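Trainee: I have a structure here, written as structure tokens, and I will follow up with some questions on it.
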Amino acid sequence: MKNKKIIAGNWKMHKSLDEGIAFARKVTKLLLNVESTKVIFCPPFTALFGMMEELTVSSFGLGAQNCHWEESGAFTGEISCTMLKELGVRYVITGHSERRHIFGETDKWINNKNRAILSHDMIPIFCLGETFEQRKSGDTESVLADQLESGLNGIEVLGETIIAYEPVWAIGTGLNADSRQIESAHETIRLKIKELYSIKESENISILYGGSVNESNAKALISSKGVDGFLIGGASLKEKSFYDIIDINEQMNKE
Ligand code: PGA
């Protein structure tokens, strides 16, 4: 996978089924010849099944924004990995700051989800990141290391697990982290993966950056050392912006 950058769009609670299908149809047509990018669409649950039919080419993937770790049971409102897999879902976002902070998800739950996803041969897009206060008090490195360690607790084989470094203060604020901050955070994450697993896994794992990525900053951010792609919120909702960001990566790989 590391020969390609990964660009994933996290649509959050946006777009109806019809809007999702129309978006995917248009953008995938424009991107039919992508070579250097794996493009992942993460729409709301309601659009997953309909969009799957639009994503038949291997450069495109379908991701969910959440899952429950149990197989089935009395969990009103929840969806299991098996249910998602049946729809053609291969990726699931976990640990997103909105889930941690608005819905109170704990590290333990996130760990349960990561384990369940991997045990279903699916791929977690495991998000972590510090708040502004944690950065200000110099705790970024320890926060990232702790989130990583607890989220991966008991997981022996990482498989194709994707990590997304998403500083909380940069999400949806228009204030992206700069290259120096990103490089240092990605380095911290890689060192922790090396400590928990091996050098090989630390080199192989894809670490994405997320937080106010757009078509104006994408070139500089994707060129930052250790950045293997993006997890994009706001800009992934606009066809042109999402396409332009992917095209920037494609063009850079042709240079
Ligand atoms: P943003 O969101 O690109 O709108 O900052 C990123 C995310 O929430 O994953």
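Trainee: Please report the antiparallel percentage of DSSP beta bridges with both residues in the chain, rounded to the nearest 5.
Mentor: Details: 0 of 30 bridges.
Once the DSSP bridges in the chain are tallied, antiparallel ones form about 0 percent.
Trainee: Given the rule -39500 (n - 2.57) for each run of at least 4 DSSP H residues, summed and divided by the residues of the chain, what is its mean residue ellipticity at 222 nm, to the nearest 500 deg cm²/dmol? Numbers along the way, then the final one.
Mentor: Numbers: 11 runs with 108 residues, N = 255.
Rounded to the nearest 500, it is -12500 deg cm²/dmol.
Trainee: Quick one: Cα centre-to-centre distance for region 12-65 and region 209-224, in angstrom?
Mentor: Each part's Cα centre sits 21 Å from the other's.
Trainee: Relative contact order, percent, of region 88-205 when contacts are C-alpha pairs under 8 Å separated by at least 6 residues? Intermediate values should be presented prior to the final figure.
Mentor: Details: 144 pairs, mean separation 30.6, N = 118.
Relative contact order of region 88-205: 26 percent.
Trainee: Over the chain, what is the relative contact order in whole percent, taking alpha-carbon pairs under 8 Å and six or more residues apart?
Mentor: Details: 472 pairs, mean separation 51.0, N = 255.
Relative contact order of the chain: 20 percent.
Trainee: A further question follows. By counting other Cβ atoms within 10 Å of each Cβ, how are E187, E133, E105 ranked from fewest to most? Write down the numbers at each step before the final one.
Mentor: Details: E187 14, E133 10, E105 18.
Fewest-to-most ranking of E187, E133, E105: E133, E187, E105.
Trainee: Sticking with this one: May I ask for log10 I(q)/I(0) of region 1-132 at q = 0.11, 0.17 Å⁻¹, from a Debye sum over the Cα atoms as equal point scatterers with solvent left out?
Mentor: Reported log10 I(q)/I(0), two decimals: -0.39, -0.92.
Trainee: While we're on this one: Semi-axes of the equivalent ellipsoid for the chain, please: Cα gyration tensor eigenvalues, times 5, square-rooted, ordered largest first, whole Å. Could you put the intermediate results ahead of the total?
Mentor: Numbers: eigenvalues 122, 107, 59 Å².
In descending order the semi-axes read 25, 23, 17 Å.
Trainee: Let me ask something else. Tell me, M122, M51, M13, M252 in order of fewest to most beta-carbon neighbours within 10 Å? Don't skip to the answer; put the middle values down first.
Mentor: Numbers: M122 21, M51 25, M13 7, M252 14.
Ascending number of Cβ neighbours within 10 Å: M13, M252, M122, M51.
Trainee: Let me ask something else. How many nm is it between the label spots at D247 and E195, if each spot is 7 Å from the Cα in line with the beta carbon?
Mentor: 4.3
Trainee: My understanding is that a pair violates if its Cα-Cα distance is over 25 Å; which of K38/K225; K194/K219; K2/K85 do that in this structure? Write out the running numbers ahead of the final one.
Mentor: On the way: K38/K225 19 Å; K194/K219 28 Å; K2/K85 23 Å.
Listed pairs above 25 Å: K194/K219.
Any read-out appearing in this document is the output of simple, stated calculations on the displayed coordinates, not a laboratory observation. What you are looking at is a predicted structure, and each value in this text was computed from that prediction instead of being measured. Heads up, the Cβs are rebuilt from the backbone with ideal geometry, glycines too, and the neighbour counts pull from every protein chain shown.
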